[in-house]
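Notes to accompany the following structure.
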Amino acid sequence: MRTDFKGEKKIMESVSKELFVPVPKEERQQETIVRPSMSYWQDAWRRLKANKVAMASMWTIVFFVLLAIIGPIVMPYRYDQQIRGHEALPPSLTHLFGTDELGRDLFVRCLYGMRISLSIGIVATIINIVIGVLYGGISGYIGGKVDNFMMRIVDILYSIPLMIYVILLSVSLKPALEDLFDKYSFLSGLQTVGAPLVCIYIALGLTYWISMARIVRGEILSLKQQEYVTAAKTIGASGWRILLRHLIPNSMGSIIVTATLQIPSAIFTESFLSFIGLGVDAPVPSLGSLASDGVNGFISYPYRLFFPSLLLCLIILAFNLFGDGLRDALDPRMRK
């Protein structure tokens, strides 16, 4: 193909150089990007910081966690130490929450009870994430008859009240665990925790995954139709790789929110079991067992019920408010 260089030269000479002027500042500002470029998690963190209630709840949770870990260590009293002459004292500078009828410092016992309750919520949630995410992810990704069979199992388990599972497992596992701890010396570390507490760990871990599995399954069913999944299949990626590297990471928003909202539920379940006498054994305290002890002497010593109940309410409220704020921050539809 022949190029007419002479014609192009005539066109260039006919164009005046005065037409090429710098773009005004106002027009350049119109071309700038109003919103700075940021990733999904950066944008979620920005929106979470804008939620004052959620941030206050997050720092409240951090404060309670640090207080439960460090408090019993730095306090001059142990949770099971009976101080003679200090029986049934009201709150004071020496004993911030007062003492019980045996002379044990109620503040230290509440701190240790917070440690028990928070550990229950965290451990149960970790087990819940591992079992629920894998079960729901496999069910949603494979689909078909496998999905129907796995979800029918979940429906059967979901139809029975969750508290019945927890109570039955706690009662039935306790004798077996006590015999196991006595038989094998390498389990002495778990023996210091206590068989009832280990029972609660196992019971909550084996039952709290049901809701997580259903939520993850729904997320996987919608995500596996996306183009990037088809592209991964085209280049020969295995099913496990697609599930673990693509589908589950893209469902982390729903997983994190669900796990955060289930922590207070696990804490309340443990407190309820301890309140009715199926939780930790004395002298190990729990917020539920402390509240149960406070009910007996509520008329004469109302502070024994007030302080454990107040801490339990604050912890559950903080987790719920933080979970609501986290749900709004991780939801792209809430982006302004």
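So which residues in the range 84-112 are open to solvent by less than 70 Å² (accessible area, probe 1.4 Å) and of a type in the set (Lys, Arg), if there are any at all?
Selection gives Arg104, Arg109.
Please verify whether the range 61-74 includes one or more residues that are of a type outside the set (D, E, K, R), open to solvent by less than 80 Å² (accessible area, probe 1.4 Å), assigned to a loop (DSSP other than H, G, I, E, B) and at pLDDT 85 or above.
Checked the range 61-74: no residue is of a type outside the set (D, E, K, R), open to solvent by less than 80 Å² (accessible area, probe 1.4 Å), assigned to a loop (DSSP other than H, G, I, E, B) and at pLDDT 85 or above.
Scan the range 212-245 for residues that are open to solvent by 70 Å² or more (accessible area, probe 1.4 Å) and either among the hydroxyl-bearing types (Ser, Thr, Tyr) or closer than 28 Å to Leu157 by Cα (or both) and jot them down.
Arg214, Tyr228, Thr230, Thr234, Trp240, Leu244
Conditions first: (1) among the small types (Gly, Ala, Ser); (2) at positive phi; (3) modelled with pLDDT of 85 or more. Gly132 passes all but one, so which condition is the exception?
Against the list (1) among the small types (Gly, Ala, Ser); (2) at positive phi; (3) modelled with pLDDT of 85 or more, Gly132 comes up short only on (2).
Cβ contacts < 6 Å: first residue without any contact (Cβ under 8 Å) to a residue 40 or more places away in the chain, restricted to the range 288-305; second residue part of a helix (DSSP H, G or I) and basic (Lys, Arg), any location; separation 6+ or different chain. Result?
Gly294/Arg304
Answer yes if at least one residue in the range 79-97 is among the β-branched types (Val, Ile, Thr) and assigned to a helix (DSSP H, G or I), and no otherwise.
No, every residue in the range 79-97 fails to be among the β-branched types (Val, Ile, Thr) and assigned to a helix (DSSP H, G or I).
Residue under question is Ile122, and the condition is that it be in a helix (DSSP H, G or I), without any contact (Cβ under 8 Å) to a residue 60 or more places away in the chain and open to solvent by 70 Å² or more (accessible area, probe 1.4 Å); does it hold?
no
Answer with yes or no whether Val284 is open to solvent by less than 20 Å² (accessible area, probe 1.4 Å), in contact (Cβ under 8 Å) with a residue 12 or more places away in the chain and on the phi < 0 side of the Ramachandran plot.
no
Filter the range 293-320 for residues that are buried (at least 19 other Cβ atoms within 10 Å of the Cβ) and closer than 20 Å to Asp80 by Cβ; which is nearest to the chain's Cα centre (by Cα)?
Restricting to residues being buried (at least 19 other Cβ atoms within 10 Å of the Cβ) and closer than 20 Å to Asp80 by Cβ, the top hit is Leu311.
Can you name the condition, by its number, that Phe107 falls short on among (1) assigned to a loop (DSSP other than H, G, I, E, B); (2) in contact with a His (Cβ under 7 Å, 6 or more places away or on another chain)?
It is condition (1) that Phe107 fails.
For the range 26-45, does any single residue satisfy the condition of being open to solvent by less than 60 Å² (accessible area, probe 1.4 Å), modelled with pLDDT of 75 or more and not basic (Lys, Arg)?
yes
Among the candidates Ile248, Ile263, Ile267, Ile276, single out the residue that is open to solvent by 60 Å² or more (accessible area, probe 1.4 Å) and within 24 Å of Val123 (Cβ to Cβ).
After applying the criteria, what remains is Ile276.
Looking at the range 183-205, I want the residues that are β-branched (Val, Ile, Thr) and have a partner that is surrounded by 15 or more Cβ atoms within 10 Å (Cβ to Cβ) and modelled with pLDDT of 60 or more with Cβ atoms under 7 Å, at least 6 apart or on another chain. Which pairs are those?
Val198/Leu177; Ile200/Ile120; Ile200/Ser170; Ile200/Glu270; Ile200/Leu273; Ile200/Gly279; Ile202/Leu169; Ile202/Leu173
Any residue at all in the range 238-257 that is over 18 Å from Ala44 (Cα atoms) and outside any helix (DSSP H, G or I)?
Yes, the range 238-257 has at least one match.
Select from the range 172-206 the residues that are within 19 Å of Ile116 (Cα to Cα) and modelled with pLDDT under 65 and list them in ascending order.
Correct list: Ser188, Gly189, Leu190, Gln191, Thr192, Val193.
Among the residues of the range 295-322, what is the count of those that are modelled with pLDDT of 85 or more and of a type in the set (Gly, Ala, Ser)?
Number satisfying all stated conditions: 2.
The values are calculated or read from the model by the stated rules, or taken from the named source; none is laboratory data. Everything numeric in this text was worked out from a predicted model, so none of it was measured. Quick reminder, even Gly has a Cβ in these numbers, built from the backbone with ideal geometry, and neighbours come from all protein chains shown. With ligands, DNA and RNA removed, areas are computed over all heavy atoms of the protein, side chains included. Shrake-Rupley method; radii C 1.70, N 1.55, O 1.52, S 1.80 Å.
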